[in-house]
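The values are calculated or read from the model by the stated rules, or taken from the named source; none is laboratory data. Predicted model only: the values in this text are computed from it and were never measured. All Cβ positions, glycine included, derive from the backbone under ideal geometry; neighbour counts span all protein chains shown. For accessibility, only protein heavy atoms count, side chains too; no ligands or nucleic acids. Shrake-Rupley method; radii C 1.70, N 1.55, O 1.52, S 1.80 Å.
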Amino acid sequence: MITVFEKPKSLTPAKTHYCPGCTHGIIHRLVAEVIDELGVREETIGIAPVGCSVLAYNYFNVDMYEAAHGRAPAVATGIKRVHPDKVVFTYQGDGDLAAIGTAEIIHAAARGEKITTIFVNNAIYGMTGGQMAPTTLIGQTATTAPNGRDPEVQGYPIRMSEILATMPGAAYIARVSVHNPQEVAKAKKAIKTAFQVQLERKGFAMVEVLSSCPTNWGLTPLKALEWLKDNMIPYYPLGVQKAPEEVKA
Amino acid sequence: MAKVLMKGNEALGEAAIRAGCRFFFGYPITPQSELPHYLAKRLPEVGGVFLQAESEVAAINMVYGAAGAGARVMTSSSSPGVSLKMEGISYIAGAELPCVIVNMQRGGPGLGSIQPGQADYFQAVKGGGHGDYRLLVLAPASIQEMVDLMGLAFALADKYRNPVMILGDGTLGQMMEPVEFPEMLDPEKLPQKPWAAQGAKGREPNIINSLYLNPLELEDHNLKLQAKYTQMAAEETRSESYYTDDADIVLVGYGSSARVCKAAVDQARQQGIKAGLFRPITLFPFPKAEIQAACRQAKAVLTVEMSMGQLVEDVRYNLEFRVPVHFYGRAGGMVPTTRAVVSKITELVQEGGRSA
Amino acid sequence: MLQEIILAGFGGQGVMSMGQLLAYAGMEENKQVSWIPSYGPEMRGGTANCSVTLSDTPVSSPLIDEPDTLFVLNRPSLEKFEGSVKPGGLLLLNSSLVKVEPQRTDLRVLKLPVDNLAQEKFGNSRVANMILVGAFVAVTGAVSLDSVVGALKKVLPEHRHKLIPLNRQALELGVELAQS
């Protein structure tokens, strides 16, 4: 018998709670495949955030933490300082990382913590009911911005990758998307690099993954992916923001 | 080992290292700064990590990370900083992680002052953050006791998988007394923590978590926590009774206030007044049987604290309102004087120990 | 024996280390000791003070409100602490800086122009405090001169140990002046 498809060892058999068409499932799988391919499943400790992926500790088949909202990079710092030889990653959403946890992510990057952060940016708060996120686009509606985000009132969306790329302690910062198979393949490559950078102790690594939220955007899964491509990518351009020389080459 | 003269804050640092602590995460605040200063120098010498975090919030979450990863870890702060840590402390208690938190209290509320205070008693003994949880709270009154209780704090934290707070105050942190340190514990030889997240090598993953979406499971979890607190109350209460056997009037105080009370008891005894002191060393669990025994003969009890009346509530409650409990407190960084406490004692004796 | 001491002066006058010296001297004699500083913004240029207790029995309270002995190194300290000294207590005054008379008449007062004396006799104003400590030792006998000299090794950093003989001379001058 030839196995043509199986679940990565780094995912548990648990059925996820994500909405239909949500891209968290894809991103979980990419992270799990990378952990499998690098052969570090038994050396890895992951940190779930508060937000839609709060239950990620049930899905990754590695030692996991559930952190307080925004604090995953601080928790990761504590773990990594105790076990510098283990692989530590945080999995965070836009509210978690770019609003309540801004200080923690910036300082983890500034310290050059040798951790990997997967930053899932879908420009909305999903779990709590479609509120405006720090990454919500100008004009985009949200339950707390019913008339669309108005820069006069709510200011401008934050580009975290660009900010973190200015940090000397950040070794690898990339923004990817999962709106089509080609981009998914690129996303996986970036995630793998972000883990390799940690294994090589080069510094802080983050991959920002543009993601869709059909439920709170009020779109079908397919339309949501199109919306992502047409609206998010122009404001959040894809590509490697910062990388060690040998990775760039 | 010969005795050395040491500041309370520094002695706590050395005691933590002797207890096998190799990780410290904190944020600067007066009046506990000598503790991080000491550890910043000392921890790297023993292969440990000292990290100044970007905030108290980050520091306590680093503690959460390190504790979940199996290390003996501590943080320290003073009142406003400890308030900031409360979110993380609730998570640590919920996830049942062992760690030590030092609070060198100062006057409050708000930014308050940097002078000594004891107004964080409620916060310390009632949990402090959200949810039904308790810290095991130890209140040293001398530098030697700070050293001794630091070793105990780490042992109890591990025993109960619960955060332990050392509740001091600015006076205790700043003062110097001779101390003797115990032998160095080897962190490598401490008992293993099979629940810790260190990589799921040859086993199912460990999960460090305080989230229970199923209400029945969360209730069970709460019942389990409460059972721990009940066990603490049965096994861990500590206190000192000073001249209480025949005391007509028993003073109650903890930390540096208890030292003032001790001097006041000495002076009152010289005046022929049968005064005594009951000093809780564990503030949670409160030494209930012990305080009842100490106040058996008492016609009146006088609680002395650097607050507007917090410990006094637990004193009344634990004495089951059988003895009139009076209160003398200073606040805002003011410290009770021996003279003022003695005159309060004299007043009460003249009133015949009647209820105020 | 219970000797409660407050030492007060400007920040930078060395009152903190003078207090520590007395505490270490007490330890040399296996006495129970404690030392508490004032702390905070006061420390930076303002007045500084510390409390030292020397006792044969465990120190009940290290916080002193009625000292047996008060060291006063500047005028604001006299104004702040004079009223608190126990009746019959000892007031040691640096009269190089404190030009006013104490108000209390129930104290034993020793006025020594220690800044001037240190400069004249030793060409080093930094040992001024030692003259006062010497006087304290002679009057109270709370600790011996040898213990204070022994304690200098603990208080002075290693590279200053060559100054111990000079400090000893200053201490001896204080003893002499107190006895005369």
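Contact order normalised by length for the range B:68-138, with contacts defined as Cα pairs under 8 Å and 6 or more residues apart; what percent is it?
Relative contact order, the range B:68-138: 31 percent.
Would you mind getting the Kirkwood hydrodynamic radius of the protein assembly as shown from its Cα pairs, rounded to one decimal in Å?
One over the average 1/r among Cα pairs gives 29.2 Å for the protein assembly as shown.
Just report the Cα centroid separation between the range B:74-146 and the range B:247-310, whole Å.
Taking the Cα centre of the range B:247-310 as reference, the centre of the range B:74-146 is 23 Å away.
Charges at C-beta only: +1 for Lys and Arg, -1 for Asp and Glu. How large is the resulting dipole of chain C about its Cα centre, in Debye rounded to 20?
500 debye
Quick one: among C:Pro113, C:Pro58, C:Pro157, which has the greatest mean-square fluctuation in a GNM of chain C with alpha-carbon springs under 10 angstrom?
Looking only at C:Pro113, C:Pro58, C:Pro157, the biggest GNM fluctuation is shown by C:Pro157.
Apply 1/(1 + (r/R0)^6) to the Cβ-Cβ distance of A:Gln131 and A:Gln182, taking R0 = 45 Å, and write down the FRET efficiency to the nearest 0.05. List each step's numbers first, then the result.
On the way: r = 32 Å, r/R0 = 0.71.
After rounding, the FRET efficiency stands at 0.90.
Along the charge dipole of the range A:24-248, pointing to its positive end and built from +1/-1 on Cβ of Lys, Arg, Asp and Glu, which listed residue (A:Thr102, A:Ser177, A:Leu238) has its Cα farthest out?
It is A:Leu238.
With a cut-off of at most 10 other beta carbons within 10 Å, and DSSP calling the residue loop, which GluC sites (Glu not before Pro) in the range B:267-356 qualify? Please list them.
B:Glu320
Which is farthest toward the positive dipole end of the range B:4-235 among B:Pro215, B:Gly128, B:Met74, measuring Cα position about the Cα centre, with Cβ charges +1 (Lys, Arg) and -1 (Asp, Glu)?
The Cα lying farthest towards the positive end belongs to B:Pro215.
In the range B:277-343, what chymotrypsin sites (Phe, Trp or Tyr not before Pro) fall in a loop by DSSP, with at most 11 other Cβ atoms inside 10 Å?
Here the chymotrypsin sites (Phe, Trp or Tyr not before Pro) that fit, given the DSSP loop and packing criteria, are B:Phe321.
Among C:Leu166, C:Leu70, C:Ser84, which residue has its Cα positioned farthest towards the positive end of the charge dipole of the range C:42-178, with +1 placed on the Cβ of Lys and Arg, -1 on the Cβ of Asp and Glu, and the dipole taken about the Cα centre?
Of C:Leu166, C:Leu70, C:Ser84, it is C:Leu166.
Within the range A:141-210, report the chymotrypsin sites (Phe, Trp or Tyr not before Pro) that DSSP leaves as loop and that have at most 10 other Cβ atoms within 10 Å.
Details: sites: A:Tyr172, A:Phe195, A:Phe204; in loops: none.
Answer in residue order: no site qualifies.
Can you bin chain C into rounded, prolate or oblate? Criterion: square roots of the alpha carbon gyration tensor eigenvalues sorted a ≥ b ≥ c, rounded for a/c under 1.5, prolate for a/b above b/c, oblate for the rest.
Verdict is rounded for chain C.
At 0.36 nm per residue, minus the direct Cα-Cα distance, what do B:Gln271 and B:Arg322 gain on full extension? Give it in nm, one decimal, please.
15.7 nm
With the cut-off at 1.5 for a/c, could you classify the range A:52-123 from its C-alpha gyration tensor as rounded, prolate or oblate?
Note, shape of the range A:52-123 comes out oblate.
How do A:Lys9, A:Lys192 stack up against each other in accessible area, from largest to smallest, with a 1.4 angstrom probe?
Descending order: A:Lys9, A:Lys192.
Any idea how far the Cα center of the range C:1-35 sits from the one of the range B:150-189, in Å?
Centre-to-centre (Cα) distance: 26 Å.
Cα centroid distance between the range A:182-249 and the range B:209-233, in Å?
40 Å
What's the carbon and sulfur percent of the protein assembly as shown's accessible surface, probe 1.4 angstrom, rounded to a whole number?
Ligands and nucleic acids excluded, carbon and sulfur give 53 percent.
Could you work out the relative contact order of the range A:98-240? I mean the mean sequence separation of Cα pairs under 8 Å and 6+ apart, divided by the number of residues, in percent.
On the way: 242 pairs, mean separation 40.9, N = 143.
Relative contact order, the range A:98-240: 29 percent.
Placing unit charges on C-beta atoms (Lys and Arg positive, Asp and Glu negative, everything else neutral), compute the dipole magnitude of the range B:16-146 about its Cα centre in debye, rounded to 20. Don't jump to the answer; show the numbers that get you there.
Values: 9 positive and 9 negative charges, 50 e Å.
With Lys and Arg at +1 and Asp and Glu at -1, about 240 debye.
Per residue of B:175-181, what is the mean number of Cβ atoms on other protein chains within 10 angstrom of that residue's Cβ?
Mean inter-chain Cβ contacts per residue within 10 Å come to 6.
Simple spin-label model, 7 Å along Cα-to-Cβ: A:Glu245 to C:Glu120 in nm?
Those two pseudo-labels are separated by 7.3 nm.
Within a Cβ distance under 14 Å of B:Arg18, other residues only, what is the Lys/Arg minus Asp/Glu net charge?
-3
Say we join alpha carbon atoms closer than 10 Å with springs in a Gaussian network model of chain B; which of B:Gly68, B:Gly94, B:Gly110 then has the biggest fluctuation?
B:Gly110
A:Ala110 versus C:Thr57, label points 7 Å from Cα toward the beta carbon: distance in nm?
5.5 nm
From other protein chains only, count the Cβ atoms within 10 Å of every residue's Cβ in B:47-53, then give the mean.
3
Does the range C:115-161 classify as rounded, prolate or oblate by the C-alpha gyration tensor (a ≥ b ≥ c root eigenvalues; a/c under 1.5 gives rounded; else a/b over b/c gives prolate, otherwise oblate)?
oblate
Sort C:Lys86, B:Lys193 by heavy-atom solvent-accessible area, probe 1.4 angstrom, most to least. Before the final figure, lay out each step's value.
On the way: C:Lys86 60, B:Lys193 30 Å².
Most to least solvent-accessible, the answer reads C:Lys86, B:Lys193.
Tell me the volume per residue, in Å³, of the convex hull enclosing the alpha carbons of the range A:1-134.
Enclosed volume per residue, from the Cα hull, is 107 Å³.
Loop by DSSP (not H, G, I, E, B), at most 16 other beta-carbon atoms within 10 Å: where is the longest site-free stretch of chain A for GluC sites (Glu not before Pro)?
A:7-199
Give the span of the range B:240-350's Cα atoms along each principal axis, as three whole-Å numbers ordered largest to smallest.
Computed over the Cα atoms, the extents are 34, 32, 21 Å.
Taking 8 Å as the Cα distance limit and 6 or more residues as the minimum spacing, I'd like the relative contact order of chain B as a percentage.
That works out to 18 percent.
Work out the length of the dipole vector of the range A:1-153 about its Cα centre, built from +1 on the beta-carbon of each Lys and Arg and -1 on the beta-carbon of each Asp and Glu, and round it to the nearest 20 debye.
Details: 12 positive and 15 negative charges, 29 e Å.
That gives the range A:1-153 a dipole magnitude of about 140 debye.
What does the helix-only formula give at 222 nm for the protein assembly as shown: each DSSP H stretch with n ≥ 4 adding -39500 (n - 2.57), the total divided by the residues, and the result rounded to the nearest 500 deg cm²/dmol?
-11500 deg cm²/dmol
At 7 Å along the Cα-to-beta-carbon direction for both B:Asp220 and C:Leu156, put a label point, then send me their distance in nm to one decimal.
The answer from the label model is 7.0 nm.
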